[in-house]
Every structure is written in C-alpha cells, then in structure tokens.
Amino acid sequence: LASGTGTNACYMEEMRHIDLVEGDEGRMCINMEWGAFGDDGVLNDIRTEFDREIDMGSLNPGKQLFEKMISGMYMGELVRLILVKMTKEGLLFGGRLTPDLLTTGHFETRYVSAIEKEKEGLQKAHEILSKLGLEPSHEDCVATHRICQIVSTRSANLCGATLAAVLRRIKDNKGVERLRSTVGVDGSVYKKHPHFARRLHKTVRKLLPDCEIRFIRSEDGSGKGAAMVTAVAYRLAAQHKARQKILEPLKLSHEQLLEVKQRMRTEMEKGLGKETHAEATVKMLPTYVCSTPDGTEKGDFLALDLGGTNFRVLLVRVRNGMRRGVEMHNKIYSIPVDIMQGTGEELFDHIVHCISDFLEYMGMKGVSLPLGFTFSFPCQQNNLDEGILLKWTKGFKATGCEGEDVVSLLKEAIHRREEFDLDVVAVVNDTVGTMMTCGYEDPLCEVGLIVGTGSNACYMEEMRNVELVEGDEGRMCVNMEWGAFGDSGCLDDIRTEFDLAVDELSLNPGKQRFEKMISGMYLGEIVRNILMDFTKRGLLFRGRISERLKTRGIFETKFLSQIESDCLALLQVRSILQHLGLESTCDDSIIVKEVCTVVARRAAQLCGAGMAAVVDKIRENRGLDFLKITVGVDGTLYKLHPHFSSVMHETVKQLSPKCEVTFLQSEDGSGKGAALITAVACRIREAGQR
C-alpha cells in the first residue's frame with residue numbers, strides 16, 4: 001500500500017483468476033492502480049462539493065477521483081476550500097479573506113499534519129494561519145484543527161475500506177477461516193501524519209474482525225524494493241539452474257537413443273546365437289509359436305492364466321466366417337499363501353480343482369477341450385507344449401517345481417483327479433499372448449510389447465536366425481526377455497546416480513536394469529530419489545525432508561500418471577502430494593510435475609529405442625526398403641499414462657524412419673491370447689493330419 005502524494009495498492013492474486021495471463025499455476029502480484037476507483041461514477045454519492053471543485057481545477061478532471069479524496073497531494077487543498085467557504089459565510093476570520101487563502105496550493109498537506117499534532121497543534125494553527133495573512137482568534141484555530149481532523153480521518157477511513165476489500169478477497173481465495181496477513185506500507189501521509197496510520201488500522205480491523213492484519217512500514221520501496229525483486233528473481237533462477245543440472249543426465253539426446261538402439265541390436269544377436277546364448281543377457285527365448293492367426297480358426301478352447309496371487313480360468317469360443325469373433329467367459333480364483341508356498345502337488349491340485357469348478361459352472365463337465373496355459377514365470381521352452389520352470393518369482397515357493405515341465409505337472413494333477421481329460425496344447429508367455437490377441441484383429445501384427453509393472457517384448461523372427469532350434473524354414477516368435485538388457489553393463493554410461501540407488505535397494509540388485517529404467521514398478525522410486533536429492537540441496541520443500549519422502553514405494557505409478565495429466569490444475573497436484581504427506585507450495589508442485597515428466601519421458605524414449613531395434617531387425621530380415629508393421633501393446637503404463645505412448649511412438653518414428661509402425665492396444669493377452677495360440681496350433685495340427 002502506498003499512501004503519500006498519490007495512492008495505490010498491489011497484492012498477490014491467484015493465477016487462475018488472471019485472465020490476461022496464460023496459465024493457472026501459482027500466484028502473481030497485481031498492481032491495482034486504485035487511484036482511478038470512482039472514475040465510473042460509483043463514488044458520486046459520497047463525493048462533496050469540495051471534491052468536485054478540486055477535480056474541476058485539476059490537471060486531469062474526471063480522473064483519479066479516489067486518489068483526489070485521500071492522497072497527500074489534495075488533502076491541504078480540501079482544507080483550504082472548506083476554510084474559504086466558511087469565511088465567505090462569515091463563520092471564520094470575521095468573514096475576511098486574504099489573497100493567500102484564495103491561492104490554490106497555499107495550504108500545504110504538511111500543515112494538516114502539523115495542526116493535528118497533540119501538543120503544539122493549536123499554536124501551529126495560529127502560526128500557519130497568520131502566515132496566510134489572517135488574524136485568527138482562538139475559536140478560528142480550534143475550528144481549523146477540527147476541519148483538518150475531519151479531512152484526514154475521511155482519507156484514512158476510505159483507504160482502510162478499500163484495503164479491507166482487497167484483504168477479504170485474499171481470504172476468500174485462500175478459503176481460510178481466519179486470514180493472517182501483513183501489509184507493507186509506504187508514503188509521506190502514512191509516515192508523517194500523527195494519526196493517519198492509527199485510524200487506517202482501526203478501520204481495517206473494524207471491517208475485518210475475522211482477520212489478523214499486521215502493518216509494516218517499508219524502507220525505500222522503490223530503491224530497495226526493486227533490488228529485492230531482482231534478488232528473488234536471481235535466487236529462483238539460480239535454483240532452477242541447479243535443478244536443471246541435476247536433471248540433465250536424464251535427458252537423452254537423439255545420438256544417445258540411436259546408441260541404445262544399436263546396443264539392443266547387438267544384444268539380440270548374442271541371445272539368438274548358439275555360441276553366445278549362454279552368456280547373453282537378452283535371452284531371446286524360442287516360444288515355438290510359429291504363426292499368427294489367419295482368421296480361419298474356430299472352436300472352443302480353455303485358457304488358464306497364472307501370473308500372480310490370482311488365477312483365471314477362461315472358456316474362449318472362436319468363430320470364423322460371417323460371425324467371426326471371440327466370445328469369452330471367465331472366473332477368477334485366488335491362490336492362498338499356504339498353497340503358493342506349499343508343495344507343487346498341492347498347487348497343481350488346487351489349479352485342477354478350480355478348472356473342475358469352472359467346467360461345472362459352465363455346464364461342460366466331461367468335454368475334452370484343447371487348453372492354453374499362460375504361465376508368467378521364467379521358462380525354458382523346448383516345445384510349444386513344454387515349459388521348464390527356471391525359477392519361481394512373485395512370492396511363489398511351491399516345492400518340486402523348479403526344473404520341471406509345468407505341462408507334465410498339470411497333466412499329472414488332472415489324472416489324479418480322474419474327472420475329465422484336457423489336451424494341453426501350449427504354454428504361453430503373456431507378451432506372446434498380447435501379440436496374438438492383436439494379430440487376430442490385424443494380420444500385420446508381428447510384435448508384442450508389455451509396458452506395465454514390468455516390461456518385455458516378443459516378435460516373429462526368421463527360423464534361420466533362431467540358432468537354438470533346428471530348422472531354417474518359416475518363422476518363430478521369440479520372447480526377448482528384454483528387461484535384462486543392460487545387465488552386462490552396456491547401459492552404464494546412461495544410467496544415473498538415481499538409477500543406481502533404485503537398483504541397489506531393489507529385490508534383485510544388478511538384474512533387469514533396462515526394466516528398472518522404463519517400467520511402472522520403478523519410475524516412482526526414481527522420482528522419489530530425485531526429489532530427495534533436490535530437498536537435501538534446499539531446492540524443494542524448503543529443504544525439509546519429511547519421513548514420508550524417505551519411505552520407499554510411496555510414489556505409485558498411478559500418481560505419476562495423475563500428476564502429469566494435462567487437465568490437472570496444480571491445486572490437484574498439491575493435494576496428491578498432501579495425500580503422500582508432503583506439504584508443498586505451488587512452486588514445489590510445478591517442480592514435482594517437471595521431475596515426473598522428465599523421468600516418464602526418458603522411460604518412453606528408451607522403450608521406443610528398444611522397439612526401433614526390433615522393427616529394424618524385422619525389416620532387414622526380410623530384405624525390405626520399407627516395412628509396415630503393427631505392434632500389439634498391453635500394460636498399465638502404456639494405457640494409463642497421459643504422454644508415455646505418444647513419446648514412445650515419436651521415438652520409434654525418429655529412430656526407424658524406414659518403418660511405418662502402428663500400435664494396437666491389446667485386450668486380455670494372457671487369457672484370450674492363450675486361447676488364440678491354442679486355436680492356431682490346433683488349426684496347424686489339423687492341417688498337418690489332413
């Protein structure tokens with residue numbers, strides 16, 4: 001607030017209310033220019049004849065009407081006009097006017113301050129009036145004192161009323177019960193007039209009983225203030241620069257991404273080669289799936305989907321011809337912990353019990369159906385219907401299974417029950433299932449990709465390149481297990497201190513390094529580590545590390561998707577952070593959002609670089625100058641994150657300009673996909689028999 005020769009005020013307004021400026025985040029200081037209040041006539045009912053006279057004689061008639069009622073430039077003049085009128089009416093100075101009293105500007109505002117002083121006020125009035133050529137009586141001095149008092153009090157009251165309106169708005173913006181705020185004030189009237197400040201404070205408190213308002217006198221607002229604005233801007237710029245420097249290693253250049261693509265290609269070749277497969281990190285496992293659907297598949301198929309604590313049984317009806325399509329029925333069963341960690345026989349007996357329940361539920365007891373088994377654990381396949389479990393993951397510990405063929409374990413359990421017989425046709429990896437589901441919709445789909453909690457890819461490779469399997473004719477789907485890319489150290493130059501920190505504290509340090517840079521399970525942890533680093537350096541959350549921020553796993557991937565959502569105002573980002581127990585300002589929220597963006601963008605770019613290596617290899621395999629291909633995709637990160645998919649698509653486009661890649665979202669790769677693999681296998685088997 002400035003109250004001196006002129007008057008004005010400014011305050012911090014919410015950006016979302018400032019239509020003249022783009023953006024809804026944070027606040028901005030508004031310069032009110034409130035001296036012009038009343039120029040539209042809204043104050044006419046309280047303006048007096050003296051206010052009108054001052055305005056008529058001013059340099060800018062009709063403008064700055066509020067300022068003319070309250071500021072120092074006009075206060076003395078108001079008193080002079082009142083004295084003149086009263087003298088003309090014979091109420092003062094024996095009705096005698098002097099040339100000085102009739103001259104504009106001769107009764108200065110500092111006279112008003114002098115006359116209102118407690119002790120020597122009347123004596124000062126006598127001196128000042130005498131200087132103007134008058135011969136004042138004691139009564140004349142008392143009356144002049146009273147006039148000064150009335151004029152300056154009105155000024156303080158009007159000033160207080162408008163200030164109260166501003167503070168009320170700030171209170172409403174913040175939505176608080178009680179506003180605690182400080183007003184910085186400068187100006188000669190406020191500082192030099194003996195009672196102006198006290199009267200102003202009193203008016204504000206009377207009009208805002210539910211606010212605690214402090215007033216602080218500013219020292220040299222125009223000089224020191226300009227320097228402070230500069231200093232704040234400089235501090236913010238320095239902090240911004242420090243944060244950018246920390247984030248720099250997470251921003252990958254086109255050259256770096258090309259390099260990642262090249263290295264992925266090298267690792268793929270190692271995994272496919274007979275001599276190099278043993279020490280390869282990207283395993284390129286043969287799946288014995290040699291064809292995608294051609295649309296002639298038909299029949300009823302069962303599918304089992306075992307990949308976590310829940311287990312699904314599905315009946316999938318595949319029709320061809322006019323009514324071509326897939327109809328599905330399924331039921332979900334839970335697997336109790338004691339069975340997950342008991343014996344293999346108990347686990348598979350439980351699975352068969354669930355199948356039996358499902359067949360009864362569907363009214364299909366006694367029917368022998370072909371079955372596809374999605375088994376989302378690391379397996380070595382030596383045939384489509386044979387999968388050797390290499391090791392349990394995800395909390396499973398059933399004994400007597402590792403190193404065994406899971407199809408045999410399932411068949412033995414079926415025979416133990418002696419209720420029904422099933423033809424187990426295929427063991428399926430969920431990535432391959434994703435490719436097959438999309439392949440049913442689009443015959444060009446020959447690649448599968450999952451970007452969810454974990455990440456993996458598969459694609460149709462030429463048999464001549466799959467050295468682990470006899471034969472050179474046709475193609476076979478290869479399960480890349482690309483999450484382990486980089487475990488040989490080939491990505492060390494782009495891994496950051498934050499990646500290393502996340503890896504060290506994970507359940508499998510040193511393993512699945514690529515997956516830890518791109519999949520949902522780890523992105524939140526990378527973000528949390530960066531935020532901790534920022535906070536330790538005083539660049540975030542005012543340098544205060546909360547216990548919550550030190551807690552592993554608080555940033556779930558869904559938070560990343562929510563925070564980056566475009567339609568989200570920063571207020572909502574703040575409430576997500578509050579929900580995590582992190583007290584944040586608007587500026588903090590902007591920073592958190594930026595960190596999430598950088599981490600997710602890198603993930604999508606790395607994923608795109610891997611995919612570019614795959615589609616380029618397929619193009620070269622086939623000796624084509626240009627390849628049109630479809631990738632079937634599944635996974636929460638790809639489906640739910642607002643920008644992941646578009647950044648990934650853009651990266652593939654840039655790194656593989658000779659391929660036109662379409663991405664198709666898969667529906668239920670592990671259920672429907674397993675049934676379709678079974679359907680294709682049955683179609684090929686029947687053709688062979690014919």
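The values are calculated or read from the model by the stated rules, or taken from the named source; none is laboratory data. Everything quoted here is computed from the prediction, not taken from an experiment. Note that we place each Cβ from the backbone using ideal geometry, even for glycine, and neighbour counts take in every protein chain shown. The area values use the complete protein model at the heavy-atom level, side chains included, leaving out ligands, DNA and RNA. Shrake-Rupley method; radii C 1.70, N 1.55, O 1.52, S 1.80 Å.
Exactly one condition in (1) open to solvent by 20 Å² or more (accessible area, probe 1.4 Å); (2) of a type in the set (S, T, Y); (3) out of contact with any strand residue (DSSP E or B) (no Cβ under 7 Å at 6 or more places or on another chain) is not met by S670; state its number.
Here S670 meets the rest and fails (3).
For the range 499-521, which residues satisfy the criterion of being under 22 Å from K261 (Cα atoms) and in contact (Cβ under 8 Å) with a residue 60 or more places away in the chain?
F514, E515, M517, I518, S519, G520
Search the range 249-287 for residues being of a type in the set (D, E) and either over 30 Å from V527 (Cβ atoms) or surrounded by fewer than 20 Cβ atoms within 10 Å (Cβ to Cβ) (or both), and hand back the single one that is nearest to the chain's Cα centre (by Cα).
E255
From K283, K270, K298, grab the single residue that is touching a residue at least 40 places away in the same chain (Cβ under 8 Å), closer than 16 Å to G483 by Cα and of a type in the set (D, E, K, R). Show your work before the answer.
On the way: K270 fails: touching a residue at least 40 places away in the same chain (Cβ under 8 Å); K298 fails: closer than 16 Å to G483 by Cα.
The match here is K283.
Is it the case that some residue within the range 334-344 is open to solvent by 40 Å² or more (accessible area, probe 1.4 Å), farther than 30 Å from R263 by Cα, modelled with pLDDT of 90 or more and assigned to a loop (DSSP other than H, G, I, E, B)?
No, the conditions are met nowhere in the range 334-344.
From the list T153, T144, T182, which residue is outside any helix (DSSP H, G or I) and of a type in the set (S, T, Y)?
On inspection, the qualifying residue turns out to be T182.
The conditions are (1) under 20 Å from L158 (Cα atoms); (2) in a helix (DSSP H, G or I), and G41 fails exactly one of them. Which is it?
All conditions pass for G41, except number (2).
Would you kindly identify the helices (runs of 4 or more DSSP H) lying entirely within the range 413-521 that contain at least 3 residues that are out of contact with any strand residue (DSSP E or B) (no Cβ under 8 Å at 6 or more places or on another chain)? So that I can check it myself, show each step before the final result.
On the way: elements: 430-441, 497-504, 513-518.
Because the criterion is at least 3 residues that are out of contact with any strand residue (DSSP E or B) (no Cβ under 8 Å at 6 or more places or on another chain), the helices (runs of 4 or more DSSP H) in the range 413-521 that meet it are 497-504, 513-518.
Just the residues that are in a helix (DSSP H, G or I) and open to solvent by 20 Å² or more (accessible area, probe 1.4 Å), please, taken from the range 608-642.
Within the range 608-642, R619, E620, N621, T636, K639, L640 meet the criteria.
Yes/no matrix, rows are residues, columns are (1) over 25 Å from G105 (Cα atoms); (2) at pLDDT 95 or above:
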{"residue": "L1", "(1), (2)": "yes, no"}
{"residue": "T7", "(1), (2)": "no, no"}
{"residue": "M12", "(1), (2)": "yes, no"}
{"residue": "R27", "(1), (2)": "yes, no"}
{"residue": "I46", "(1), (2)": "no, yes"}
{"residue": "P61", "(1), (2)": "no, no"}
{"residue": "M73", "(1), (2)": "no, no"}
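Restricting attention to the range 539-562, report how many residues are open to solvent by 30 Å² or more (accessible area, probe 1.4 Å) and free of Cβ contacts under 8 Å to residues at least 60 places away in the same chain.
13
Taking the range 357-384 as the region of interest, how many residues are open to solvent by 60 Å² or more (accessible area, probe 1.4 Å), assigned to a loop (DSSP other than H, G, I, E, B) and not hydroxyl-bearing (S, T, Y)?
Count: 3.
If the requirement is being over 29 Å from T636 (Cα atoms) and in contact with a strand residue (DSSP E or B) (Cβ under 8 Å, 6 or more places away or on another chain), which of these qualifies: G363, G403?
Testing whether each residue is over 29 Å from T636 (Cα atoms) and in contact with a strand residue (DSSP E or B) (Cβ under 8 Å, 6 or more places away or on another chain) leaves just G403.
Which ones in the range 167-176 are at pLDDT 90 or above and open to solvent by 30 Å² or more (accessible area, probe 1.4 Å)?
Passing the criteria: R168, R169, D172.
Please tell me if V647 is at pLDDT 90 or above, open to solvent by 10 Å² or more (accessible area, probe 1.4 Å) and either among the aromatic types (F, W, Y) or not in a loop (DSSP other than H, G, I, E, B) (or both).
Values: at pLDDT 90 or above: yes; open to solvent by 10 Å² or more (accessible area, probe 1.4 Å): yes; either among the aromatic types (F, W, Y) or not in a loop (DSSP other than H, G, I, E, B) (or both): yes.
Yes: the conditions hold for V647.
Restricting to the range 239-248, count the residues that are within 24 Å of M648 (Cα to Cα) and open to solvent by less than 40 Å² (accessible area, probe 1.4 Å).
Of the residues in that region, 3 qualify.
State yes or no: is I213 touching an Asp or Glu at 6+ places or on another chain (Cβ under 7 Å) and surrounded by 12 or more Cβ atoms within 10 Å (Cβ to Cβ)?
no
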